[in-house]
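I have placed the structure first, in the form of structure tokens, so that the comments after it can refer back to it.
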């Protein structure tokens, strides 16, 4: 039985950043502390192994360790944790998704295969279908992840319709991180029966006013209280737009980590996993100055 329902509000999920040590190993202590922090600050759930969480750099064994660490910390996975799947091989995607299902996580954020470029809807449909068929009865609560700037494999509105029609008990939503408002409007119009989540915070309030059910947000790592009114009431906030525009000038994941480091006064958060590189001292200072300008005091 699934946990996600398009008729109910999804809320704000923090696309949880991944703290790593100087040797690139996972810093589980910082991870647990940060997870508790964003939940206490108003996030209803955590999404791990996503883009902000450097999911494509997290091995299957490490994914298991992270979920087990959350369980040991008392986080109810079925209520508060969704997990991303980032793989090109069908078998790898199945293993990552099955790990989430075995741990009874709330849902799966499933990106298309990201290695192959210029693929068409037919090829993408076959890939998703094989993943769902191999998962069998375990397949549930799948949120399709549209982020063509990263995967270079866009999920067309037509493809989403075909997948939800063929797998109505599996496909429950879409995370739209495309940043194309015309696409977002059409998605909300034609797939209002799905849980549509907005990944680009600049479009979040307007999306909620048209029926979006919430967001999986990287900026929720640093300012969930500012984002919540956008999710709950569709209330515009020019400061969030300014912040997204500022962060977008840099590699986004290292930039978000720099803002976390600033907030916590903890430079350990600057570390990222290769092939990403941490922001420079100058960039970190620029981001801190921009933050202070947007959120004075």
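The values are calculated or read from the model by the stated rules, or taken from the named source; none is laboratory data. Just so we're clear, the structure is a prediction, and the values are computed from it rather than from any experiment. For neighbour counting, all protein chains shown are included, and Cβ atoms are generated from backbone atoms with ideal geometry for every residue, glycine included.
Laid out as a table, the results:
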item: Positions within region 233-265 being exposed (fewer than 13 other Cβ atoms within 10 Å of the Cβ) and closer than 26 Å to residue 27 by Cβ, in sequence order; result: 265
item: Per-region count, region 214-225, residues closer than 24 Å to residue 147 by Cβ, part of a helix (DSSP H, G or I) and in contact (Cβ under 8 Å) with a residue 60 or more places away in the chain; result: 3
item: Scan of region 135-159 for residues that are farther than 23 Å from residue 81 by Cα and more than 15 Å from the chain's Cα centre (by Cα), ordered by number; result: 152, 153, 154, 155, 156, 157, 158, 159
item: Lone unmet requirement of (1) on the phi > 0 side of the Ramachandran plot; (2) surrounded by fewer than 23 Cβ atoms within 10 Å (Cβ to Cβ) for residue 49; result: (2)
item: Single residue of 188, 210, 194 found to be closer than 22 Å to residue 108 by Cα, surrounded by fewer than 24 Cβ atoms within 10 Å (Cβ to Cβ) and without any contact (Cβ under 8 Å) to a residue 60 or more places away in the chain; result: 188
item: Answer from 9, 33 - the residue that is over 21 Å from residue 86 (Cβ atoms), surrounded by fewer than 24 Cβ atoms within 10 Å (Cβ to Cβ) and at pLDDT below 95; result: 9
item: Test: residue in region 69-79 that is under 28 Å from residue 123 (Cα atoms) and touching a helix residue (DSSP H, G or I) at 6+ places or on another chain (Cβ under 6 Å); result: no
item: Which listed residue, of 77, 82, is modelled with pLDDT of 95 or more, surrounded by 17 or more Cβ atoms within 10 Å (Cβ to Cβ) and under 15 Å from the mean Cα position of the chain (by Cα); result: 82
item: Odd one out for residue 145 among (1) free of Cβ contacts under 8 Å to residues at least 60 places away in the same chain; (2) buried (at least 21 other Cβ atoms within 10 Å of the Cβ); (3) in contact with a strand residue (DSSP E or B) (Cβ under 8 Å, 6 or more places away or on another chain); result: (1)
